[in-house]
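Heads up, the thing below is written out as structure tokens.
The values are calculated or read from the model by the stated rules, or taken from the named source; none is laboratory data. Computed from a prediction, not measured in an experiment: that's the story for all the values here. Backbone-built Cβ (ideal geometry, glycine too); neighbour counts: all protein chains shown.
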Amino acid sequence: MRLSRRDFLVKGVQLAAGGLVATTVVGKVWPAGTTLAQGKEAPRDWTRVWEEHEWAFVVDTRRCIGCGRCVVACKKENGVPLEAEVTRTWVEQYAVMADGRTEVISPHGGQDGFAETKVTGEMSKAFFVPKLCNQCEKPPCVKVCPVAATYQTGDGVVLVDRERCIGCRYCIQACPYGARFLHPELHVADKCTWCYHRITKGLLPACVQTCPTGARQFGDLKAPDSAVKKILEEQPSNVLKPAMGTEPQVYYLALDRVVI
Amino acid sequence: MSGFVFPNEMEINWSLLIVLYPYITGLVAGAFIVSALYHVFNRRQLAPVGRLALVTALSFLIVAPMPLLLHLGQPVRGLEIMWTPNPTSAMAGFGYIYSFYMVILLLEIWFIFRSDIVAHARSSRGIARLGYTVLSLGAWDTSPRTLEQDHRLTTVLASIGIPAAAFLHGYVGFIFGAIKANPWWSTPLQPVIFLLSAIVSGMALLMLVYAVTCWRRKEAVDHQCLMSLNKYLWYFLILDVCLEVLEVISKMYEAEEAWPVIYQLLTAYLPVTFFGLQLALGAVVPLVLLTVARRAGSRSGQALTLLSAALILVGVFSMRWNVVIGGQMLSKSLRGFTAYHPPFLGLEGVLPAVVILALPFVILAVVCRIIPPWSQKAAGEEYYSSDVEVSA
């Protein structure tokens, strides 16, 4: 059989289209991943699972006592060396002086507590502010990543693909909150994930679990009896650097105006 | 470190190598603009540097990605930026813009040097002949008609090259200027400032390279050419300085939340590199010297022009330092500053930086051995006389 070039192209397109239809049909009848080992368990639609939750983090600055247990718990849970300065979460101590000065410290991210704090002069108020990744709804870090190694999950958490990150550190520059760092051992970008490996299993983030005073609270805004939702509905809350337009999802209660 | 900085800001993330990156790409863009002034805008007084400018641009362009690669946490994955780019990332454009510009530059160099390459191939033997034959890509036709064609293509390529060069460097400015998290970087003026300082630094570099190569070849520097460059340099420099100062003045006048720390950054942490090197020694003094040079005698005029060029190179390097390092010294807490003293050794130390800065000159020396760019004057006149004939 002799084929003209035109016939050849037409046949080729038909064949390709036929193949596509066939594989799609087979795929529908016998979805990928449904192996014999998995039996007849219904396949989960991961895109929908991703959007089942809307996580939110609430920090009550009046409750934090600056013990630093959250920082230690986080580092241990997430494989960040304890001796490293970099950290996924930290606690800042604010001392607002009578003369209007504000003194802020966070030695080793507050992981050893604030036992040796010395303030000179008359102090009008003092408080602690825990900080962590805000899992911004409009994350500048995700926008700038040149290889899309950092991404936003369907339930609103910003993660880093360690297999993909090239370690250019543009995301670290782009984060207005100083929440990102280069992992000292892995040489890829690292950040708080709200313990994504835990929350997707129904557990709390390590820092929330550890906090002895309930200064850190975590929950799902889509859950029927969501505690964090109730707090946010009933109490005035604020976010850090709202003018940045990043729409943070860490909500602060009783946030003093001196906190940046 | 002083004041309060966030725990993740204890160390500077973009170090000396990232100061080199905009510096080197800037030199490329500037050198290219000079070649374009000659090849596109027919500034014939620039004939002696027209071809030298192209090979200088190439030598620096080859080295430009090196500091970036060395700085990556995962250098092996560096090319992923080409295969899986994130369309919303300003940085993802680098690979494409760089490659596009490299292709344009290589093509332009090939068309401009083709007749030379063919002549070399005809007159040499053995390995050299083989090498030149490969370089000529088998295109040995040097009849007036094909040369005329080469010339026209060159003009087209150079015309594409101008926006490409402008984009390559304006884009580097955008990488910094579009970071809202950093109040010292974030300004729409940044790409323009980067582009103008790039042109200025590239011109200054070319003047020095030209002078040194003349001296090495025991030839007189073409006074008209150098003075012409002097004038262009002056124009671009005044624009550059005005915008750099304007940026600071508008930040000061608007006096937003971050201004007190920016003020502190400039006056307490960068006074020498900003006011001393970038503005005084790198801009005001050269502006005066360049003006004086044009009115001075031949020898002193040349000396003053070259001295200005050297000062400008220092000034633009300081500008890159003040942006890249300065911006990171300032904490996002707006309450403190991170110190930075580059180590001497190590991957991100002073030594590798010096090696990277020296490398383009080595490449340039090699390129100049293979395709000497000096015969420009004669060749240029030939082209233009044939132009006249064709149009007549």
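A few points about this structure:
- Some residue of segment B:152-167 being surrounded by fewer than 18 Cβ atoms within 10 Å (Cβ to Cβ), more than 19 Å from B:PRO373 (Cα to Cα) and within 14 Å of chain A (Cβ to nearest Cβ): no
- Taken over segment A:215-230, residues that are of a type in the set (Lys, Arg) and either assigned to a helix (DSSP H, G or I) or within 21 Å of A:GLU85 (Cβ to Cβ) (or both) amount to 2.
- Residues within segment B:79-108 that are facing chain A (nearest Cβ under 7 Å) and either of a type in the set (A, V, I, L, M, F, W, C) or assigned to a helix (DSSP H, G or I) (or both), tallied: 5
- Exclusive hit being surrounded by 14 or more Cβ atoms within 10 Å (Cβ to Cβ) and charged (D, E, K, R), set A:ARG69, A:ARG48, A:ARG62: A:ARG69
- Here B:ASP240 fulfils each of the conditions (1) surrounded by 15 or more Cβ atoms within 10 Å (Cβ to Cβ); (2) over 24 Å from the mean Cα position of the chain (by Cα); (3) charged (D, E, K, R) apart from (2).
- Residue in segment A:226-241 that is within 14 Å of chain B (Cβ to nearest Cβ) and either closer than 19 Å to B:ASN13 by Cβ or surrounded by 15 or more Cβ atoms within 10 Å (Cβ to Cβ) (or both) present: yes
- Residue in segment A:188-204 that is farthest from A:LEU132 (Cα to Cα), counting only those that are surrounded by 19 or more Cβ atoms within 10 Å (Cβ to Cβ) and free of Cβ contacts under 8 Å to residues at least 60 places away in the same chain: A:VAL188
Yes/no matrix, rows are residues, columns are (1) within 22 Å of A:PRO176 (Cα to Cα); (2) more than 10 Å from chain A (Cβ to nearest Cβ):
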{"position": "B:GLY3", "(1), (2)": "yes, no"}
{"position": "B:ILE33", "(1), (2)": "no, yes"}
{"position": "B:ASN42", "(1), (2)": "no, yes"}
{"position": "B:VAL55", "(1), (2)": "no, yes"}
{"position": "B:GLN74", "(1), (2)": "no, no"}
{"position": "B:ARG77", "(1), (2)": "no, no"}
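- Total residues in segment A:200-214, condition outside any helix (DSSP H, G or I), of a type in the set (Val, Ile, Thr) and at pLDDT 95 or above: 1
Yes or no, residue by residue, for (1) assigned to a helix (DSSP H, G or I); (2) closer than 23 Å to B:TYR269 by Cα; (3) in contact with a strand residue (DSSP E or B) (Cβ under 8 Å, 6 or more places away or on another chain):
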site	(1), (2), (3)
B:LYS180	no, yes, no
B:ILE199	yes, no, no
B:TRP215	yes, no, no
B:GLU219	no, no, no
B:GLN224	yes, no, no
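- A:GLY109 meets the conditions (1) surrounded by fewer than 21 Cβ atoms within 10 Å (Cβ to Cβ); (2) in contact (Cβ under 8 Å) with a residue 24 or more places away in the chain; (3) not aromatic (Phe, Trp, Tyr) in every case but one. The failed one is (1).
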